[in-house]
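Notes to accompany the following structure.
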Amino acid sequence: EYRAHTDSWAAWPARRGADGLDPVTPDDHYFNTMDTRRIYGPFDLSDAVMADADFWLWREIETCCDYVVLEISHDDISLDGVAVQELARWTGSSGWEFKDVYFNDYVGDNSVWLAWRFVSDSSVTYDGPWVDDVRIRKFVPGEVTASGTFHYYDRQDSYVPARFTSALLYDADPGGVDDLLASTTTDGNGFFQFPPLLNWDSDDSSQDPFARRLDLYVVWETDSNDGPSRRKVTSLLGTLSQWGSGVHTNASDGAVAFANYVENGSGGERAMWLFDDLHRAKDYVVATTGSSPGTAEVRWEYNVNCFFFNVQICNSGFWPAPPLNGIFISNQHVGARAVVLHEISHLYMYNAMGQWFWQA
């Protein structure tokens, strides 16, 4: 009950024991040849991703030879032969200072021990170290579930769901490579939902655990894979059409919603027209034959009407071999569903028969 930082009490290393010294006497110096610990444990970090101890420290210690340390162990520090790690050490003199020491290497352990240890040599003593307002913390992240909808404007300029479009969930890492966390496909209503994720960014180095939550965003692509078949719309070089959402920085636990659409009148909405044509053609074949028509890929680029295939071809068409390996849709035909379905039919005929022209 002396020299407290808060309220009336603080911890001092020489009071306990048969020969303990009450520091409120005029002689309030610690003893020579001391080696004493205040131990706390065990505590459970099995569910934690970060852990620390913060406290206030006042000290008047012989600089050369005496010191106070914070120690940690996987085992009971009071037992002989236990391996102990020193986390931090202080000596010399200072008024009350706030200390915050992390021990993240010990997360995952269900039995952790801490100790404030004081050691003095055989001569010269002072008022010693005082510790107050100790707090041991662990951070256990919650879960986050991302979901939302994706839409576009069709050829009739109606706002419609982007059916069966690939949706990719990323964690943004400024200055690094963004992490792909999960992938799914929109349903027939353009809705998507990713499985729940631990809301923890392992790539972030911040000591503030609340600043290490996931920075979430979604990318949608003209790609759909249901196992028996795959449908894609790409550029002439094979790049998928993509759209991205904004970033939910340090996303809150619980539900995170994304809602996006392809801008009306953009080149991208034409890619969605073609993508929907692929779905419609596939759905028709499955409904009438009971089997998948196989994989189909459309290559198209905004304002590009010609494809260079040994010679320049300025018309939509299907070719099963390199460099096309699929369908080319000229930009002049992107609004004509009949032309697109005609070329898709050639491709599906080739998948089924090994040829794409029917000869009587």
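Results, tabulated for the structure shown:
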read-out: In degrees, nearest ten, helix 267-289 long axis to first principal axis of the chain (Cα); value: 70 degrees
read-out: Mean projection area, nm², convex hull over Cα of segment 1-72; value: 6.9 nm²
read-out: Crossing angle, helix 337-353 versus the chain [Cα axis fit, 0-90 degrees, rounded to tens]; value: 90 degrees
read-out: Mean accessible surface per residue for the chain, computed with a 1.4 Å probe while every protein chain stays in place, in Å²; value: 50 Å²
read-out: Distance between modelled label sites at Ala172 and Asp226, nm, 7 Å Cα→Cβ extension; value: 3.5 nm
read-out: Amide H partners (placed H, <5 Å) of Arg230, local residues excluded; value: Thr295, Ala296
read-out: Residue order for Lys99, Lys138 - accessible surface, 1.4 angstrom probe, largest first; value: Lys138, Lys99
read-out: Per-pair calculated FRET efficiency, R0 = 22 Å: Asp133 and Val82 via Cβ, rounded to 0.05; value: 0.20
read-out: Percent of Cα pairs exceeding the 20 Å cut-off, where the set is segment 149-307; value: 55 percent
read-out: Backbone N under 14 Å from the Glu143 label point (7 Å along Cα→Cβ), restricted to segment 187-210; value: 194-200
read-out: Cα coordinate range in segment 225-310, projected on the principal axes (Å, largest first); value: 49, 36, 22
read-out: Carbon and sulfur %, accessible surface of the chain computed with the full protein complex present, 1.4 Å; value: 49 percent
read-out: Whole-Hz ³J(HN,Hα) from phi, Karplus 6.51 cos²θ - 1.76 cosθ + 1.60, for segment 129-134, glycine and proline x; value: x, 10, 10, 8, 6, 6
read-out: Accessible-area value, Asp47, 1.4 Å probe, nucleic acids and ligands omitted, Å²; value: 70 Å²
read-out: Förster-model FRET efficiency, 35 Å R0, Val304 and Ala255, C-beta, rounded to 0.05; value: 0.30
read-out: Distance (nanometres) between label positions extended 7 Å along Cα→Cβ at Asn331 and Asn264; value: 2.2 nm
read-out: Proximal charge balance of Trp243 [Cβ under 11 Å; K/R count +1, D/E count -1]; value: -3
read-out: Centre separation in Å (Cα based) which lies between segment 284-351 and segment 250-277; value: 24 Å
read-out: Phi to ³J(HN,Hα) by Karplus 6.51 cos²θ - 1.76 cosθ + 1.60 over segment 254-266, Hz, x for Gly, Pro; value: x, 8, 10, 9, 10, 9, 8, 8, 7, 4, 5, x, 7
read-out: For segment 77-87, Karplus couplings with θ = phi - 60° (6.51, -1.76, 1.60), whole Hz, Gly/Pro x; value: 5, 6, 8, 5, x, 7, 6, 10, 10, 8, 8
read-out: Helical contribution to [θ] at 222 nm, DSSP H n ≥ 4, -39,500 (n - 2.57), averaged over the chain, rounded to 500; value: -4000 deg cm²/dmol
read-out: q = 0.13 Å⁻¹: log10 I(q)/I(0) that the Debye formula gives for segment 101-206, counting C-alpha atoms only; value: -0.77
read-out: Förster radius 51 Å - calculated FRET efficiency between Thr185 and Lys99, Cβ distance, rounded to 0.05; value: 0.50
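The values are calculated or read from the model by the stated rules, or taken from the named source; none is laboratory data. In this text the structure is predicted, and so the values were computed from the model without any measurement. We place every Cβ from the backbone using ideal geometry, glycine too, and count neighbours over all the protein chains shown. Quick note on the areas: whole protein, heavy atoms, side chains included, nothing else; ligands and nucleic acids left out. Shrake-Rupley method; radii C 1.70, N 1.55, O 1.52, S 1.80 Å.
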